[in-house]
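*Asks:* Below you'll find the structure I mean.
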Amino acid sequence: MTKRLATLVVCSLLFATSAFAQAAVEYTLSFPTPEHRWMQVEARFPDAPPGTLQVRMARTSPGRYALHEFAKNVFDVSIANGKGQVLTAPRPNLHQWDVAGHDGTVVVTYKIFGDRTDGTYLGIDSMHAHINIPAALMFARGWFDRPARVRFVQPPGKTWKVATQLFPTADPLVFTAPNIHYLMDSPTDFSDYTLRTFTVDDGRQRTGPPPTFRIALTHDGTDAEADAFAADVEKIVREATTLFGELPDFETNTYTFLSVYLPWASGDGMEHRNSTSLTSSGALRNPQQRQGMLGTVSHEFIHAWNMERIRSQGIEPFDFEEADVSDDLWLGEGFTSYFDGLLLERAGLLTFDAFMADLAGMVNSVALSPGRQLRSTIDMSRLAPFVDAASSIDRTAWSNTFISYYTYGAAIAFGLDLEMRARSNGATTADDFMRALWTSFGKPGQKEPGKVTTPYTIDGLKESLAKVSGDRSFANTFFTKFIEGREMVDYGALLGRAGLVMRKRSPGKAFAGQVQLQPAGSVLRVAGQVPFESPFYKVGLAQDDQLTNLDGADMSSTAAYEEVLGRIKPGTAVPVRYVRRSGEVVSTTVTMEEDPRVEIVAVEKTGGTLTDDQRRFRDSWLTSPKR
C-alpha cells in the first residue's frame, strides 16, 4: 500500500468511527449480465433499533429539483433478517418498504434496471455501469448520519475499474462514505476507462501534496484526443482556481471528472462535491461537439465552489423524498453560466466573437421573453421542480411565462460584473463578489463531508455585495431592480466602457415574433407557443395553426418566409392568411415590427476607435485576475 493510499484509508476509518460508532450500511453491487442493463444490489442495514425500519428509494437527486421516481426501475425485491429469514414488508407508498419483525439486521436484495447514461439516472451495458447513486441504492429513513461501505463485483469476464469520489480502501473494489449524504452525492463509473491525471497547486500552505485531478474517460476516441482533452480541462481548473483564489478542500484530496462520451449517452452535466458527471453523445474528435463538452466541464467545475459549498439555505440539506425548492438558482446556476463562458475565454478555449455572441444571446432571451413581465428571477428559481428535466403530458405556456434561471441569472451576472467594474474603474468586480461569497459561506461551510454548515440567504447575498462594493445602497437597489424586480440592466451604456457596441443585429428587417415554424407539406406549421403580444399573436395565430400566405406569397418553406420578411418594411401592415387547427381559415392583416434582437461587437469592427481606457477595461474583464 502506498503512503498516499494508507493516508486515505486512515481518513476513511476516522470518518466511519466519528458517526457515533454507528455500524455502516453495506452495499454490494453486482452485474451478472450487464448486457441486459440491470444491476443486482444487496443492501445490509445493521444495528437497526427495534420497531419498523423504513427503507426507501429516492425521488430526487443532488443537482436535480424535479421528482424522478427512481423506484419505478426496481424489481425482484426480497427482504430478510440477519439470519436469512424472509420478512414481509408492506409498502405504504410506491417508494417505501416498511420492515418490521427484524432481528436488528435488515437485508434487502433487489434488481434495478438502468438504460440511460447521464447525470441523473442509471446506465448499464456491456461497456460500463454509470451509476447515479440515488437512482440505484435504497436508504433507510433517519439513517443519513450513518457511514456506508460499497463493494463492486466484477461482471463475468470483465476487469473494470471504479472511478468515484467515494473514499478508497486497500481493496480497489471497496469504497466507503462517511455518511449517507455523501454517498448519495457520489456518482460512480465502473468500466475500463482511460485515466488522465494532473495536480494544481493553489499556493496555499498544505500539510500534504496539492490535490490530484482525475479524468476517467469512457469514449470511442484515441489516446491523443484524451491527452488534448485533459490539457484543456487543466486550463479550466486553473482559471477557476484563479477566479475563487483557492481550491476547495476536496475530501481524499482528489477531484474526479467522470467523463462518458459515447453515441448512446445523453447530454448532461451534474455537479457533486468532489466530482462531476459529464455525459454526451458527441465525440472529442468533433470540434463543435468538443467545444460544448468543454463548456460543460467549465460549468460543472465552477459548481465545486458555487452550489456544492456556496449553497442556498433552500436546498441544504437536500431532501430526497420531496421536490427541492430554492429562491437562489439564479445565483447557483445563472452566475455559474456567466462565468463558465468567461473562464473559457480567459483560458483561450473560446474565441472573443463566440463569447460576445453568447452574451448577446443571454440578453436577447431575457429582454424578449414575455415571462420577464410576469416573474422575477427568484420566481423563476422556485419553478425548478416543474422544469428541471421534468416533462409533462399536457402542454404548458412555459415559453411565454418562464425564463430559465440559467439564462436569467447569467444575464444578471453579466450586468453586475460590468456595473461593478464601471463604478469602481475596475477596482471591484463580480470576481470579487464570488470570492466574497466563498469567504463568507463556502470556505467555512466545509466542516463535514456531504454537508454545508453555512448556507446563504438572500439577505446574506445582499450583505456580501454591500461589503464588496462598499455601497449598501447600490447593493439594495441592484437586488430590488434586477433580482427581486423585473428590470433590465442597461447593457449598452456599460459595454461602451469596454469598447463594445450593442446594436440591432438586423436593423430595418421586419419581425413577426420569435415563432417556431416547421414545413408541413405546402404550408408552415406553428410548432410552438406564439410569443405574447408579438405581431402574430395579435392577429390570433397559435400553436398548431398553419401559416399559408404572407404578403401574397405562399408559405411553402421557411426560406419563402424569410424572403418575404426581407422585403417588408417594419411598421407596414401586410395581408396574412392562416388555417386554425379547427379548420377555420383566417384572412387578416399583420403589422410588422423591427427585429429587436441585438448583437455585441467590438467598436473596431464598426469603424470606431478603441481608446486606451476602453482597452484597459476590456483587458481587465477578459483577462485572469491576479492572485
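The values are calculated or read from the model by the stated rules, or taken from the named source; none is laboratory data. Nothing here was measured: the structure is a model prediction, and the numbers come from that model. Quick reminder, even Gly has a Cβ in these numbers, built from the backbone with ideal geometry, and neighbours come from all protein chains shown. To get the accessible areas, we keep the full protein, side chains included, count just its heavy atoms, and leave off ligands, DNA and RNA. Shrake-Rupley method; radii C 1.70, N 1.55, O 1.52, S 1.80 Å.
*Asks:* Just wondering, is there one or more residues in the stretch 312-320 that are open to solvent by less than 20 Å² (accessible area, probe 1.4 Å), within 22 Å of SER186 (Cβ to Cβ) and part of a strand (DSSP E or B)?
*Replies:* The answer is yes; a qualifying residue exists.
*Asks:* Mind checking whether some residue in the stretch 606-615 is among the polar types (S, T, N, Q), free of Cβ contacts under 8 Å to residues at least 60 places away in the same chain and not in a helix (DSSP H, G or I)?
*Replies:* yes
*Asks:* Would you confirm, using the coordinates I've provided, whether GLY571 is assigned to a loop (DSSP other than H, G, I, E, B) and either closer than 27 Å to PHE402 by Cα or at pLDDT below 95 (or both)?
*Replies:* Numbers: assigned to a loop (DSSP other than H, G, I, E, B): yes; either closer than 27 Å to PHE402 by Cα or at pLDDT below 95 (or both): no.
Here the answer is no, as GLY571 does not meet what is asked.
*Asks:* Considering only the stretch 200-244, how many residues are aromatic (Phe, Trp, Tyr) and within 14 Å of ARG290 (Cα to Cα)?
*Replies:* 1
*Asks:* What is the one condition in (1) in contact with a Pro (Cβ under 6 Å, 6 or more places away or on another chain); (2) at pLDDT 95 or above that ASP76 does not satisfy?
*Replies:* Every condition holds for ASP76 apart from (1).
*Asks:* Six or more apart or on different chains, Cβ under 8 Å: which pairs go from a residue in the stretch 147-168 that's open to solvent by 10 Å² or more (accessible area, probe 1.4 Å) to one that's among the charged types (D, E, K, R) and in a loop (DSSP other than H, G, I, E, B)? Could you list them?
*Replies:* Correct list of pairs: ARG151/ASP171; LYS158/ASP192; THR159/ASP192; TRP160/ASP192; LYS161/ASP192.
*Asks:* Output yes when any residue across the stretch 398-411 is touching a helix residue (DSSP H, G or I) at 6+ places or on another chain (Cβ under 7 Å), farther than 27 Å from LEU500 by Cβ, open to solvent by 40 Å² or more (accessible area, probe 1.4 Å) and not β-branched (Val, Ile, Thr), and no when none is.
*Replies:* yes
*Asks:* Residues that are touching an Asp or Glu at 6+ places or on another chain (Cβ under 7 Å) and over 24 Å from LEU294 (Cα atoms), at least 2 per element: which helices (runs of 4 or more DSSP H) completely within the stretch 349-390 meet that? Don't jump to the end; show me each part of the working.
*Replies:* Numbers: elements: 352-368, 377-382, 384-387.
Because the criterion is at least 2 residues that are touching an Asp or Glu at 6+ places or on another chain (Cβ under 7 Å) and over 24 Å from LEU294 (Cα atoms), the helices (runs of 4 or more DSSP H) in the stretch 349-390 that meet it are 377-382.
*Asks:* I need a count of the residues in the stretch 476-521 that are exposed (fewer than 14 other Cβ atoms within 10 Å of the Cβ) and among the aromatic types (Phe, Trp, Tyr).
*Replies:* Residues in the stretch 476-521 being exposed (fewer than 14 other Cβ atoms within 10 Å of the Cβ) and among the aromatic types (Phe, Trp, Tyr): 0 in total.
*Asks:* Shifting gears a bit: Out of (1) at pLDDT below 95; (2) open to solvent by less than 10 Å² (accessible area, probe 1.4 Å), what's the single condition that is false for MET380?
*Replies:* Only one criterion in (1) at pLDDT below 95; (2) open to solvent by less than 10 Å² (accessible area, probe 1.4 Å) is unmet by MET380, namely (1).
*Asks:* Which residue, of LEU195, LEU258, LEU217, is touching a residue at least 60 places away in the same chain (Cβ under 8 Å) and assigned to a strand (DSSP E or B)?
*Replies:* Result of the check over LEU195, LEU258, LEU217: LEU258.
*Asks:* Give the residue, chosen from ILE600, ILE568, that is of a type in the set (Val, Ile, Thr) and touching a helix residue (DSSP H, G or I) at 6+ places or on another chain (Cβ under 6 Å). Lay out the reasoning, then the answer.
*Replies:* Numbers: ILE568 fails: touching a helix residue (DSSP H, G or I) at 6+ places or on another chain (Cβ under 6 Å).
Just a single option satisfies the conditions, and that option is ILE600.
*Asks:* Within the stretch 174-229, count every residue that is more than 30 Å from ASP319 (Cα to Cα) and open to solvent by 10 Å² or more (accessible area, probe 1.4 Å).
*Replies:* Summing the residues that are more than 30 Å from ASP319 (Cα to Cα) and open to solvent by 10 Å² or more (accessible area, probe 1.4 Å) in the stretch 174-229 gives 27.
*Asks:* Are there any pairs, at least 6 apart or on different chains, whose C-beta atoms fall under 8 Å, with the first in the stretch 362-378 and over 22 Å from GLY341 (Cβ atoms) and touching a residue at least 12 places away in the same chain (Cβ under 8 Å) and the second open to solvent by 40 Å² or more (accessible area, probe 1.4 Å) and among the acidic types (Asp, Glu), and if so, which?
*Replies:* Here the result reads PRO370/GLU533; SER376/GLU484; ILE378/ASP327; ILE378/GLU484, each pair linking the stretch 362-378 to a residue that is open to solvent by 40 Å² or more (accessible area, probe 1.4 Å) and among the acidic types (Asp, Glu).
*Asks:* Show the residue pairs meeting these rules: Cβ distance below 9 Å; 6+ apart or different chains; first residue within the stretch 344-361 and without any contact (Cβ under 8 Å) to a residue 60 or more places away in the chain; second residue basic (Lys, Arg).
*Replies:* Once the first residue is without any contact (Cβ under 8 Å) to a residue 60 or more places away in the chain and sits in the stretch 344-361, no partner that is basic (Lys, Arg) comes close enough.
*Asks:* While we're looking at this one, here's another question. Out of all the residues in the stretch 110-146, which are open to solvent by less than 20 Å² (accessible area, probe 1.4 Å) and among the hydroxyl-bearing types (Ser, Thr, Tyr)?
*Replies:* TYR110, THR117, THR120
*Asks:* Moving on. With GLY341, GLY348, GLY282, GLY292 as the choices, which residue is modelled with pLDDT of 95 or more, at positive phi and surrounded by fewer than 24 Cβ atoms within 10 Å (Cβ to Cβ)?
*Replies:* The conditions single out GLY348.
*Asks:* Moving to a separate point now. Do the conditions hold for THR242, that is, is it within 26 Å of PRO62 (Cβ to Cβ), over 20 Å from the mean Cα position of the chain (by Cα) and assigned to a helix (DSSP H, G or I)?
*Replies:* no
*Asks:* Which one of ALA323, ALA283, ALA265 is among the small types (Gly, Ala, Ser), touching a Leu at 6+ places or on another chain (Cβ under 6 Å) and part of a loop (DSSP other than H, G, I, E, B)?
*Replies:* Numbers: ALA283 fails: touching a Leu at 6+ places or on another chain (Cβ under 6 Å); ALA265 fails: touching a Leu at 6+ places or on another chain (Cβ under 6 Å).
From the options ALA323, ALA283, ALA265, the qualifying one is ALA323.
*Asks:* Spot the failing condition for ALA553; the list is (1) over 39 Å from the mean Cα position of the chain (by Cα); (2) without any contact (Cβ under 8 Å) to a residue 12 or more places away in the chain; (3) exposed (fewer than 13 other Cβ atoms within 10 Å of the Cβ), and only one is missed.
*Replies:* (3)
*Asks:* For GLY583, are the conditions met, namely being assigned to a loop (DSSP other than H, G, I, E, B), open to solvent by less than 60 Å² (accessible area, probe 1.4 Å), under 30 Å from LEU494 (Cβ atoms) and out of contact with any Leu (no Cβ under 8 Å at 6 or more places or on another chain)? If you could, list the steps in order and put the result at the bottom.
*Replies:* Numbers: assigned to a loop (DSSP other than H, G, I, E, B): yes; open to solvent by less than 60 Å² (accessible area, probe 1.4 Å): yes; under 30 Å from LEU494 (Cβ atoms): no; out of contact with any Leu (no Cβ under 8 Å at 6 or more places or on another chain): yes.
No.
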